[in-house]
Amino acid sequence: MNECKTTPTKSIRFSETKKWHYKTDVSVIGYGGAGACAAIEAADAGALVTIFELSSGAGGSTALSSAEIYMGGDGGTRVQAATGHNDTNQAMIDYLSACAGPQADADKIKAYVEGSRDHFNWLVEQGVPFKDSEYKERAIMALTDDCLLYTGSEKAWPFKEIATPCPRGHNLEVEGDNGGPLFMKILGAAVERREIQVHFNCRALALIQDDTGVIRGIRIREDMQEKNVLVDRGVILCTGGFAMNRAMLKKYAPNLLRCSEPIGNPGDMGTGILMGMGVGGAAINMHEGFVSVPYYPPASFTYGLFINAQGQRFINEDCYHGRVGAYILQQTGNRVYLVLSAEDYGDYEQVSYLGASVAGTGETIAELEQELDLPKDQLVQTLQTYNNHAKNGEDPVFHKCSEWLKPLNAPYVALDVTPGRGAFYPYFTLGGLDTRPSGEVLNPEGSIITGLYAAGRTACGVPRRGAGYNSGISVGDATFSGRMAGKAAAARVK
């Protein structure tokens, strides 16, 4: 006789659970940025907290990131104020709302923005270091220990016409791409200073639900045994997204499979999302993801033009690399090139993350067009139109900022940035469980599933679209939503 396998998509009946191996007030599943912050806040609110983590140590995908954190709002953070930037809540709300477009969750954006400065101060209280300095170069990340930089499309059209631009990316005071490990080391130390129990090498299997729909516990696998955890106040799912689960990607976000490299840790299998769905939770925005085409540095590549298989532009090249990546995936013809003046090619091969190969060169645009096998005269017309306006500091078609406008001159070079042809296209998912700003998980009718919370990429949070993503918003959203879920779970009375 075959035994029924415990799966995340099927809840376990509370009435049939006879033995409890552990008991806690709040159970946090996952020990990344969201889980650490949820545990800290729940413990500080007086709850007995237990973290269950799949791997042998803390970190999650947050530890693998640069740990830029997107923060601002009225009066600005301490760093914004020190570097002369006067941010406002309204500007930040307007910008993030435009980024999320029709998928925006107005309540979550409002809560995030209004709590942003306090979140900065809370992180500082935990020991996170931020230097009162600004990194002014156009870059994907600051490799110095400088803090503040533009990490989105704030200065690019159409966003600059919607909200007053302001830099909000906060880089930790550490040189190189080392923010994530330092950030999680600090949060881990903050967890250790509290009476928070942590179980490593422990896999969450399924939620335990009573006959009224309330979440009463969780089943785990530890030391090769299935064990039951009785939870008095709430379970907080902080298990990341589903970038590592090809079956889920194929089902929910197949377009992301055109990209080259999932960003995350091996545990980003969507388990928390599936567990939430297994007890009636709604999963939303599952088709969306962050997609990067890291074409800068060198910053001089911003002078170039992205061209599709029809020999036409489709984006203003001064916007954020994630926005460009999202638009590239929308192009038909399966060919995309970045056309540059050879003088702007610069030190690309030494400083870039892009990894795109040279697809063609030409002493004239007609010669380059022929070498790329584009429709006759299409690239010629595109470049002539662009150059005629660029020499006057104008771009009436895509409104590239005048700072990055100049005619392209011979000789020309084209890089092949077509997805699947060698260029680096990292990605992760942006869909997840539908939640309130408090982290409470909702069913498809919008009712709360009592006792269940989600945060970070397990929930569908503030970032909703790849075309409107900003570096730092995922770590910012994960840590902030983790804190909100921790507070809410600890405050729940049975």
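Gly289 - would you say it is at pLDDT below 95 and either in contact with a strand residue (DSSP E or B) (Cβ under 9 Å, 6 or more places away or on another chain) or on the phi > 0 side of the Ramachandran plot (or both)?
Values: at pLDDT below 95: no; either in contact with a strand residue (DSSP E or B) (Cβ under 9 Å, 6 or more places away or on another chain) or on the phi > 0 side of the Ramachandran plot (or both): yes.
The answer is no for Gly289.
Quick one: in the range 62-86, which of the residues that are open to solvent by 40 Å² or more (accessible area, probe 1.4 Å) and closer than 23 Å to Leu182 by Cα is nearest to the chain's Cα centre (by Cα)?
Applying the filter and picking the extreme gives Leu64.
Conditions tested, residue by residue: (1) within 14 Å of Pro298 (Cβ to Cβ); (2) among the hydrophobic types (A, V, I, L, M, F, W, C).
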{"position": "Phe314", "(1), (2)": "no, yes"}
{"position": "Cys319", "(1), (2)": "no, yes"}
{"position": "Gly325", "(1), (2)": "no, no"}
{"position": "Tyr337", "(1), (2)": "no, no"}
{"position": "Tyr348", "(1), (2)": "yes, no"}
{"position": "Leu354", "(1), (2)": "yes, yes"}
{"position": "Ala359", "(1), (2)": "no, yes"}
{"position": "Thr364", "(1), (2)": "no, no"}
{"position": "Glu371", "(1), (2)": "no, no"}
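Say whether the condition of being modelled with pLDDT under 95 and surrounded by fewer than 17 Cβ atoms within 10 Å (Cβ to Cβ) is met by at least one residue in the range 128-138. Write out each step before concluding.
Residues of the range 128-138 that are modelled with pLDDT under 95, as a first pass: 136-138.
Going one step further and asking which of them are surrounded by fewer than 17 Cβ atoms within 10 Å (Cβ to Cβ), we end up with 136-137.
Yes: the range 128-138 contains one or more residues that are modelled with pLDDT under 95 and surrounded by fewer than 17 Cβ atoms within 10 Å (Cβ to Cβ).
Which pairs turn up if I take residues in the range 179-199 that are in contact (Cβ under 8 Å) with a residue 24 or more places away in the chain and buried (at least 21 other Cβ atoms within 10 Å of the Cβ) and look for partners that are outside any strand (DSSP E or B) and among the acidic types (Asp, Glu) with beta carbon separation below 7 Å, at least 6 apart in sequence or on another chain?
Gly179/Glu68
Is it the case that Gly35 is on the phi > 0 side of the Ramachandran plot and within 21 Å of the chain's Cα centre (by Cα)? I'd like the intermediate steps shown before the answer.
Numbers: on the phi > 0 side of the Ramachandran plot: no; within 21 Å of the chain's Cα centre (by Cα): yes.
Here the answer is no, as Gly35 does not meet what is asked.
If you scan the range 318-343, which residues turn out to be among the charged types (D, E, K, R) and surrounded by fewer than 19 Cβ atoms within 10 Å (Cβ to Cβ)?
From the range 318-343, those among the charged types (D, E, K, R) are 318, 323, 335, 343; that's our starting set.
Answer for the range 318-343, where residues must be among the charged types (D, E, K, R) and surrounded by fewer than 19 Cβ atoms within 10 Å (Cβ to Cβ): just Glu343.
Any idea which of Asp44, Asp25 is of a type in the set (Asp, Glu), open to solvent by 20 Å² or more (accessible area, probe 1.4 Å) and more than 28 Å from the chain's Cα centre (by Cα)? Can you show your working first?
Details: Asp44 fails: more than 28 Å from the chain's Cα centre (by Cα).
None of the others qualify; the one that does is Asp25.
Here's the yes/no breakdown for (1) modelled with pLDDT of 95 or more; (2) within 15 Å of the chain's Cα centre (by Cα); (3) open to solvent by less than 10 Å² (accessible area, probe 1.4 Å):
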{"site": "Trp404", "(1), (2), (3)": "yes, no, no"}
{"site": "Leu408", "(1), (2), (3)": "yes, no, yes"}
{"site": "Thr418", "(1), (2), (3)": "yes, no, yes"}
{"site": "Ala423", "(1), (2), (3)": "yes, no, yes"}
{"site": "Gly456", "(1), (2), (3)": "yes, yes, yes"}
{"site": "Cys460", "(1), (2), (3)": "yes, yes, yes"}
{"site": "Arg464", "(1), (2), (3)": "yes, yes, no"}
{"site": "Met484", "(1), (2), (3)": "yes, no, no"}
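Please enumerate the residues belonging to the range 211-227 that are under 24 Å from Asn201 (Cβ atoms) and within 31 Å of the chain's Cα centre (by Cα). Working first, answer last.
Of the range 211-227, the ones under 24 Å from Asn201 (Cβ atoms) are 215, 217-227.
Selection gives Ile215, Gly217, Ile218, Arg219, Ile220, Arg221, Glu222.
Restricting the search to the range 394-445, which residues are among the small types (Gly, Ala, Ser) and without any contact (Cβ under 8 Å) to a residue 24 or more places away in the chain? Give the derivation first.
Filtering the range 394-445 for residues among the small types (Gly, Ala, Ser) gives 402, 410, 414, 420, 422-423, 431-432, 438-439.
Across the range 394-445, the qualifying residue is only Ser402.
Could you please tell me which pairs satisfy a Cβ distance under 7 Å, a separation of 6+ or placement on different chains, a first residue in the range 355-367 that is under 15 Å from Asp344 (Cα atoms) and open to solvent by 50 Å² or more (accessible area, probe 1.4 Å), and a second residue that is of a type in the set (Lys, Arg) and part of a strand (DSSP E or B)?
Filtered contacts from the range 355-367: no entries.
Looking at the range 254-312 only, could you name the residues that are assigned to a helix (DSSP H, G or I), in contact (Cβ under 8 Å) with a residue 24 or more places away in the chain and either open to solvent by 10 Å² or more (accessible area, probe 1.4 Å) or among the aromatic types (Phe, Trp, Tyr) (or both)?
Start the filter on the range 254-312 by keeping residues that are assigned to a helix (DSSP H, G or I), which leaves 254-258, 271-278, 299-303.
Next, only the ones that are in contact (Cβ under 8 Å) with a residue 24 or more places away in the chain stay: 255-256, 258, 271-278, 299-303.
Correct list: Asn255, Arg258, Thr271, Leu274, Met277, Gly278, Ala299, Ser300, Phe301, Tyr303.
The values are calculated or read from the model by the stated rules, or taken from the named source; none is laboratory data. Not measured: the values here are computed from a predicted model. Neighbour counts run over all protein chains shown; Cβ positions are idealised from the backbone, glycine included. SASA here: full protein model, heavy atoms, side chains in, ligands and nucleic acids out. Shrake-Rupley method; radii C 1.70, N 1.55, O 1.52, S 1.80 Å.
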